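Comments concern the structure below.
The values are calculated or read from the model by the stated rules, or taken from the named source; none is laboratory data. Everything numeric here is computed off the predicted structure, so don't read it as measured data. Here the Cβ is made from the backbone with ideal geometry for all residues, glycine too, and neighbour counts use every protein chain on show.
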Amino acid sequence: MSLCFGTMIIFGQNEKYSTAMEQKIAALDTTRDPVALQELANGFERIAMAEKNEWLPFYYAALANVNMGYSMMDNAMSGDASKIDPVADKAEALLNQAEALKKENSELYVVKKMINSLRMIVDPQNRFMQYGPLAQQALDKAKQLNPDNPRIYILEGQDKFFTPAEYGGSKTEAKKLFETALQKFEIYKLENPLEPNWGRGMTQYFLAEANK
């Protein structure tokens, strides 16, 4: 009887955790407003503090922070290191906590790439030599760990899309990478519904832009 009661408690806790996570994960894939992203980041961090053995809340809290950083860059804070760097620092600290629980995971290296790219684009001229190679190394590691991860090809496509042609950028190459990302989404298998599955809508948006 005690074993059955204990199992019911664990199930109830897991159900509560899953419900809280699912709601926030769905919002994270579509939210671009910095204030809303800050709220999501805080929400994921609260879950992480309550579920200290789960890597995903730390991962999503890191992702929400880095997405907030990119949104801030789009909202007239481009080049303001005093505003962007603390967000990148917070994302990195949370990602380190996720990595302490989940070693050698492709998704973690995807976010590492995003964090280093965010640091770099605050001041590309002065930061490329430091953060450019770190961003590329993280993406290479993500691909080594799971070449079928569609988010790798989204980030590669964005790099090609936004880089000027004289520095190796190409909308044609970007289009191919976004198409690869969509193909990978078709075969990508989740071990559980809380695992990262973001980016399909982003890919479709950039593919349309690359076709213009």
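Listed values, structure above:
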{"item": "Which listed residue is within 28 Å of Lys212 (Cα to Cα) and either under 18 Å from the mean Cα position of the chain (by Cα) or surrounded by fewer than 14 Cβ atoms within 10 Å (Cβ to Cβ) (or both), from Ala174, Ala181, Ala138, Ala142", "result": "Ala181"}
{"item": "Filtered residue count, region 137-171, keeping only those that are within 28 Å of Ser82 (Cβ to Cβ), touching a helix residue (DSSP H, G or I) at 6+ places or on another chain (Cβ under 8 Å) and not assigned by TED's automatic domain parsing to the domain that holds Ile187", "result": "2"}
{"item": "Contacts under 7 angstrom Cβ, first residue in region 179-190 being touching a residue at least 40 places away in the same chain (Cβ under 8 Å), partner surrounded by 13 or more Cβ atoms within 10 Å (Cβ to Cβ), 6 or more apart", "result": "Tyr188/Asp148; Tyr188/Pro150"}
{"item": "Per-region count, region 119-172, residues touching a Phe, Trp or Tyr at 6+ places or on another chain (Cβ under 6 Å) and among the aliphatic types (A, V, I, L, M)", "result": "3"}
{"item": "Region 146-171 - residue that is more than 17 Å from the chain's Cα centre (by Cα) and in a helix (DSSP H, G or I) and, of those, farthest from Ser106 (Cα to Cα)", "result": "Glu166"}
{"item": "Condition met for Lys113 (outside any helix (DSSP H, G or I) and more than 21 Å from Glu39 (Cβ to Cβ))", "result": "no"}
{"item": "Check on Pro193, closer than 21 Å to Ala26 by Cβ, in contact with a Ser or Thr (Cβ under 9 Å, 6 or more places away or on another chain) and surrounded by fewer than 13 Cβ atoms within 10 Å (Cβ to Cβ)", "result": "yes"}
{"item": "Any hit, region 57-65, residues being of a type in the set (S, T, N, Q) and at pLDDT below 90", "result": "no"}
{"item": "Residue check for Asn96: in a loop (DSSP other than H, G, I, E, B), without any contact (Cβ under 8 Å) to a residue 60 or more places away in the chain and more than 24 Å from Gly201 (Cβ to Cβ)", "result": "no"}
{"item": "Total residues in region 62-87, condition more than 14 Å from Leu155 (Cα to Cα) and either surrounded by fewer than 24 Cβ atoms within 10 Å (Cβ to Cβ) or more than 14 Å from the chain's Cα centre (by Cα) (or both)", "result": "16"}
